[in-house]
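In what follows, a structure is listed as structure tokens, so that the remarks can point back to it.
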Amino acid sequence: MNAQILEQQIDRIERSGVVAPPNTWISSYVVTKKSGKSYRYYRLMTNKRDKEGKLKKKMLKYLGAEDSKATLKMVAAIKRRNRIQALQRQLKRLMEQEQPQLKRRNRGSSGVNTPLTCFDRMLLVQLQQQLTELIGRFEQLERKLKKTQNPSA
């Protein structure tokens, strides 16, 4: 499988719906009523570091019962995230195979020659778009400046 196909699959998954944030999972808890009946509810969890630097679990969002829309949507979002991460790992391995000389670096290297990830490529495209927009605005400003300097033109 080549890199372009993997990137297309990642893009297709991202467009298919919400993708769960990294390092999140669904946790359940049980509430027992006075009548003795138990109910299981779900919530979206993550790890956060406290002031001492220790990892603490943090609840991000209540999802409700197992069959609630929010729970089902988050289960699907986590599946999409996990599939994207698997494809990104596969893409990284593929790129490392194509460029074996970049695989072994010195410990203190800056990482300048490492292959771009999908996220890096996305940022690069955004940067190029912003640069093009800035150049266009700069050219407009230059034209306005010339018109104000040469009112006869």
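Taking the stretch 34-48 as the search range and keeping residues that are open to solvent by less than 80 Å² (accessible area, probe 1.4 Å) and in a strand (DSSP E or B), which one is modelled with the lowest pLDDT? First the steps, then the outcome.
Residues of the stretch 34-48 that are open to solvent by less than 80 Å² (accessible area, probe 1.4 Å), as a first pass: 36, 38, 41-47.
After this cut, where a residue has to be in a strand (DSSP E or B) as well, the list is 38, 41-47.
Details: Ser38: 94, Tyr41: 95, Tyr42: 96, Arg43: 96, Leu44: 95, Met45: 95, Thr46: 93, Asn47: 90.
Result: Asn47.
Any residue that is outside any helix (DSSP H, G or I) and open to solvent by less than 30 Å² (accessible area, probe 1.4 Å) - is there at least one of those in the stretch 73-84? If you could, list the steps in order and put the result at the bottom.
Of the stretch 73-84, the ones outside any helix (DSSP H, G or I) are none.
Within the stretch 73-84, none of the residues are outside any helix (DSSP H, G or I) and open to solvent by less than 30 Å² (accessible area, probe 1.4 Å).
Which ones in the stretch 1-29 are touching a residue at least 40 places away in the same chain (Cβ under 8 Å) and closer than 18 Å to Gln90 by Cβ? Walk me through it before giving the result.
So in the stretch 1-29, the residues touching a residue at least 40 places away in the same chain (Cβ under 8 Å) come out as 1-3, 6-7, 9-10, 13-14, 16-22, 24-26.
Result: Met1, Asn2, Ala3, Leu6, Glu7, Gln9, Ile10, Ile13, Glu14, Val19, Pro22.
The values are calculated or read from the model by the stated rules, or taken from the named source; none is laboratory data. From a predicted model like this one, the values you see are computed outputs, not experimental measurements. Backbone-built Cβ (ideal geometry, glycine too); neighbour counts: all protein chains shown. Areas reflect the complete protein model, heavy atoms only, side chains present, ligands, DNA and RNA absent. Shrake-Rupley method; radii C 1.70, N 1.55, O 1.52, S 1.80 Å.
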